[in-house]
2 protein chains.
Amino acid sequence: MKSFVNYEQNSDFSIHNIPFGVAAFNNEYIACCTRIGDIVIDLATLYDYGFFDEIEGLNENVFEAYTLNEFIELGKPVTNAVRLKIQELLLEDSKIDNDERTLEECFFSLDKVRMMMPLHIPNYTDFYSSIEHATNIGKMFRDPANALLPNWKHLPVGYHGRASSIVVSGTEIIRPKGQTKPADSEKPIFGPSKQLDFELEMAFVVNRHTEMGESISTSEAENAIFGMVLFNDWSARDIQSWEYVPLGPFLGKNFGSSISPWVVTMEALNPFRTSSPQQEPEVLDYLKFSGEQNYDINLEVYLQPENGTENLITQSNYKFMYWNMLQQLAHHTINGCNVEVGDLYASGTISGEDPNSFGSMLEVTWRGQNPIQLNNGQERKFIEDNDTIIMRGFAEKDGIRVGFGEVSGKILPAK
Amino acid sequence: MKSFVNYEQNSDFSIHNIPFGVAAFNNEYIACCTRIGDIVIDLATLYDYGFFDEIEGLNENVFEAYTLNEFIELGKPVTNAVRLKIQELLLEDSKIDNDERTLEECFFSLDKVRMMMPLHIPNYTDFYSSIEHATNIGKMFRDPANALLPNWKHLPVGYHGRASSIVVSGTEIIRPKGQTKPADSEKPIFGPSKQLDFELEMAFVVNRHTEMGESISTSEAENAIFGMVLFNDWSARDIQSWEYVPLGPFLGKNFGSSISPWVVTMEALNPFRTSSPQQEPEVLDYLKFSGEQNYDINLEVYLQPENGTENLITQSNYKFMYWNMLQQLAHHTINGCNVEVGDLYASGTISGEDPNSFGSMLEVTWRGQNPIQLNNGQERKFIEDNDTIIMRGFAEKDGIRVGFGEVSGKILPAK
C-alpha cells in the first residue's frame, strides 16, 4: 500500500496504522481525527463531505465530538469499516488525492493541531500482569525467595485506579505532597514526594457496555477491545509504600496518569500478534484462550532533564506480559462487574528479564542503589523536578511499522 | 415548624429534612425531587411554576435532569437557598398550601413514584475509617495483638472502588462468581461466592470540581460536601481474601454497591453534630480540624429471608467514625488528586465496640463462628440467595428527626 501522503519510513503513522484521536484544529474547533505521517486529518469535515456515506450504521457525524466514545460505541463492524475507508482514501490515486478542497479543509500539518484527551474514561483499572515486574517488586519489598504471592499465577491481579486524573500526553504533572515514613523516622512526615517514578504501561479501551451480572468471556473479549494507548502510571514510591497496606495503592498513584493521544486499533496491531509466555500452573477454565493473543510492541522510556537532551532509560516490550488482555477482561467481568464504553484497562508496569528492560525507575535503579547516569553528567535515582519522561511504542515487521507516537509529561515542583 | 403535609411523628422525611433525589413520576417523566412524609415533590414543575424565581444563581431548570449533579454543582449558596425555599413552601399557610394546581401537578404519593439513581458518580472511593471495624478485621485475619496496621492512626486509609456498579436501593444484586481458595484446597476453585456479606456504610457527595494539583483543606472541605447517603458495600469475602494481596479489594467488591435514593444535605444534619473519638497520636497538620465534625446518625441493618419478616442484625452509629469527612477529603486531595461533582466518598464499614453494633456479617458472626438466628428458625453465617438486606439511618434530637429512609437489595442466585 502506498499513500499519496509522504512520510518517513520510520513513521509510527504509516498507511498501515490509521489511529484515532481528538484534536483542536487551528485553535478554532475540536473534532475526532486520524493521522498519517505528520498530517492530522479532521474526520468530522471528511464526514460532512460525504466520504463515509456508504458505511452502514454510521448515521450521525460522531466525529463532531470532544471524545471518541460515541464512535467507539458503534462497535467493530462500523469502526473497522471507517478505518478501512480512511486507508482507501489515503492511497495514491484515491478519490481525494488531488481533491484540493478536501485536502485544504481536512488535512492539517502537526503545528496547526493540538492533541486533546481522546476519551472520556468512566472507569479505570490497573493490572499487575508482568511477571518480571511483580517478581522484582516482591524481591525488593518482600521475600526474594518467594517473590511472587500465591495468587499471582492464578489470576491477573488488578485494582481500581482514579479515572479523574488521567490526562493526555504533554500535560504537566505537579509533584505530589503526602505522608511518608522514612526508615529512620519514628513518625510519618509530610512533604513533597522524594521518590517520584514512572511506570511503563499500555492500556486497552473497551467499546461496549455490559449489564451488571453479565460476563465477557475470553472469546468474546476480542470483539470488545477497540484499541490501545501508551500509559504512564506516575507513582510516588515513598507515599505508596507507607499507605498501601492493606487496601492497595491510593495517593501514591492518583495524582496523575498520562496516555498517548492516539488510540491504535487492534486491527492495526493484528500483524504483530505473538504468543504469550507459557502459563504454568494451568489456569482455570474461564481464563483459557486460543490463538496468539500477545503483541510484539517495542517500548522505550526516555528521561529529558531541563535544558538537556533525551536519555534512554529502558527498552521493554509488551510481549513480555504474562496475562493477556482477553484474560484481564474475562477476569474483571467474571463476577458480573459491568463495563462501560471508554473504560481503560492498563497492563501494569511492563518489565522484561534484563535490567535494561525494567519498566520503572524503582526497578532500573533497584530502589536507588544503582543511579542512572545521564548524558549531561547528572545522575538520577528517581525523577527530579522539571524532568520530562517520554515513552514511545511501535511494532515493526516485514517492513510495516505501526506505532503510538509518544506519551510525555514534565514534572513540575510541588505547590 | 409545622407543615401542611401530614406525616407520622417518626417519619425520616420531616419538615426539617428536605432531601434531594430523582424520580420517575407516573412512569411518564423523570425529574429531581424532594420528599416530605410520604409525599414526593416534583421540583422541575415547581420551578416551572415560578416558585424558585427569587433564587439568585438558579437561572435554568436544573431539576429537569436525570441526576442531581447539575443542581449540586451550583454550590451551597444556591442549593441551601433552594432547600430553605422548599421548607418555607411546605409550612402551613404557605403560598402553596391550598394551591390546588400546584398540589395536583407537583405532589405525588409514594405509589406513583419510582426512585432512580440520584447521581452520576464520576469517581468512587471507599475509606476504612472505623477503628472498631479495622481492629476486628486485623484480629481475624492478621495478629490479634497488633490488629491495627502501623499507618492506620496516621491517615484515613482508603482505596478506589468501582463507580459503574453503584446502583440505587431496590436494585437486585446477582451473587458473584469467582476464584476462591478454600483452606483445605491446594488449588483455587471457581464458583459462586459462599461468603456474601454486606458492609454498613455511609457516603458523602462532593459538589465541586478541582484542578489537578489543587488540594481541599479540612476547613474548605465542609463547603465542598453537599450531603450524604446510606451505602451498602456488598462484599464477597471468599473472593476478596484470595485476591486482595497486594493491591487491595477488586472482584470481591466491584460486582455491586447500593445507595439510598435520598441525599440528605449537611445542613439538615447540622443539629446532630457531635464530637469524634479522640485521635491519638496527634495527626499531621493537614489532618487537623476544628469544631464538632462528626454526626450522631443511628444505623440499622435488617435481613429479610424469602417469604419471611425482617430480622435486626446490627445497630451502629456514624458517630463511631475515627476519621471524619473533612479529614477524608483533605487527605484524598493533599497530593493534588482532582475531584469531580458527584464523586462519592464512602466511610468504610461502620462498627461500634459492642458486637451488636458490628457493621458486617463477617464481624457479627465472627467469620461464621457464631451464626445469626433468624425469627423463622433458620440461621445465617453469610447472606443466602433471595435474602434482602435493608439498611436504615436516621438522626433524632429534641423531637426533631431527619433520616435517610433505607437502602435495600435482594441477592439473586448466581447466573
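The table that follows gives values for the structure above.
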read-out: Rotational relation A to B, axis-closest Cβ in chain A, residue and distance rounded to whole Å; value: A:G248, 1
read-out: Portion, in percent, of the accessible area of region A:68-210 that falls on carbon or sulfur, probe 1.4 Å; value: 50 percent
read-out: 1.4 Å probe, heavy atoms, protein only - residues of region A:128-170 losing at least 30 Å² accessible area vs chain alone; value: A:Y128, A:L149, A:N151, A:H154, A:L155, A:V157, A:G158, A:Y159, A:H160, A:R162, A:S164
read-out: Percent accessible area from carbon and sulfur atoms, region A:260-390, protein chains only, probe 1.4 Å; value: 40 percent
read-out: Highest-MSF residue in chain A out of A:P277, A:P122, A:P188 [GNM, Cα springs under 10 Å]; value: A:P188
read-out: Three-way shape label, region B:88-215, alpha-carbon gyration tensor, a/c 1.5; value: prolate
read-out: Most mobile of B:E214, B:E172, B:E132 in a GNM of chain B (Cα contacts under 10 Å); value: B:E214
read-out: Lysines with Cα under 21 Å of A:K177, excluding same-chain neighbours fewer than 8 positions away; value: A:K187, A:K194, A:K253, A:K381, A:K410, A:K415, B:K153, B:K288
read-out: Relative contact order of chain B, defined on C-alpha pairs under 8 angstrom at six or more residues apart (%); value: 21 percent
read-out: With all protein chains modelled, accessible area of A:E384 [1.4 Å, Å²]; value: 90 Å²
read-out: Across the identical copies, how the B:N27 labels are spaced - nm, sorted shortest first, 7 Å along Cα→Cβ; value: 5.6
read-out: Simple label model, 7 Å out from Cα along Cβ direction - A:K2 to B:Y7, nm; value: 7.8 nm
read-out: Contact order relative to length of region A:218-320, as percent, for alpha carbon pairs under 8 angstrom and 6 or more apart; value: 23 percent
read-out: Cut-off 12 Å, label 7 Å out along Cα→Cβ of B:L103, residues of region B:1-37 by amide N; value: B:4-6
read-out: Accessible area expressed per residue, chain A, with surrounding protein chains retained (probe 1.4 Å, Å²); value: 37 Å²
read-out: Cα gyration tensor category, rounded, prolate or oblate, for region B:263-415 with a/c compared to 1.5; value: prolate
read-out: Over region B:110-173: Rg over Rh, Cα atoms, Kirkwood Rh; value: 1.17
read-out: Proximal lysines relative to B:K95, as straight alpha-carbon distance under 25 Å, when same-chain residues fewer than 8 apart are discounted; value: B:K2, B:K76, B:K85, B:K112
read-out: Percent RCO, i.e. relative contact order, over region B:110-225, from Cα pairs under 8 Å lying at least 6 residues apart; value: 18 percent
read-out: Positive minus negative residues near B:R401 (Lys, Arg vs Asp, Glu; Cβ under 13 Å); value: -3
read-out: Solvent accessible area, Å² - B:Y7, 1.4 Å probe, full protein context; value: 80 Å²
read-out: Peptide-level mean, for B:328-334, of C-beta atoms on other protein chains within 10 Å; value: 3
read-out: Listing of region B:236-251 residues, each with accessible area lower by at least 10 Å² in the full protein assembly than in the chain alone (probe 1.4 Å); value: B:W242, B:E243, B:Y244, B:V245, B:P246, B:L247, B:G248, B:P249, B:F250, B:L251
read-out: Chain B: calculated mean residue ellipticity at 222 nm from DSSP helix runs of at least 4, using -39500 (n - 2.57); value: -4500 deg cm²/dmol
read-out: Extended-chain gain in nm, criterion 0.36 nm per residue less alpha-carbon gap, B:N298 and B:R114; value: 63.7 nm
read-out: Candidates B:A24, B:A203, B:A224, ranked by Gaussian network fluctuation over chain B, Cα under 10 Å, top entry; value: B:A24
read-out: Environment charge at B:Y29 (Cβ cut-off 13 Å; Lys +1, Arg +1, Asp -1, Glu -1); value: -3
read-out: Extension gain, B:Y66 back to B:K397 (0.36 nm per residue minus Cα-Cα distance, nm); value: 115.8 nm
read-out: Copy-to-copy label separations for B:N375, where each label sits 7 Å from Cα toward Cβ, in nm and ascending; value: 7.8
read-out: Net charge contributed by nearby residues that have their C-beta within less than 13 Å of B:A346 (K/R +1, D/E -1); value: -3
read-out: FRET efficiency, 1/(1 + (r/R0)^6) with R0 25 Å, evaluated for A:Y29 and A:S94 via beta carbons; value: 0.50
read-out: Estimated FRET transfer efficiency (B:T309, B:D354; beta-carbon r; R0 30 Å; 0.05); value: 0.80
read-out: Heavy atoms of A:M116: accessible area, 1.4 Å probe, square angstrom to 10; value: 40 Å²
read-out: Overall form of chain B per C-alpha gyration tensor (a/c, 1.5; a/b vs b/c); value: prolate
read-out: Where B meets A: accessible area buried, both sides, 1.4 Å probe, Å²; value: 5300 Å²
read-out: Threshold 40 Å² - residues in region B:171-193 whose accessible area is reduced by that much or more when the chain is no longer isolated, probe 1.4 Å; value: B:K177, B:Q179, B:P188, B:F190
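The values are calculated or read from the model by the stated rules, or taken from the named source; none is laboratory data. Every value quoted in this text rests on a predicted model; they were computed, and no experiment measured them. As a convention, Cβ positions derive from the backbone with ideal geometry for all residues, glycine included, and neighbour counts pool all protein chains shown. The accessibility values were calculated without ligands, DNA or RNA, using every heavy atom of the protein model including side chains. Shrake-Rupley method; radii C 1.70, N 1.55, O 1.52, S 1.80 Å.
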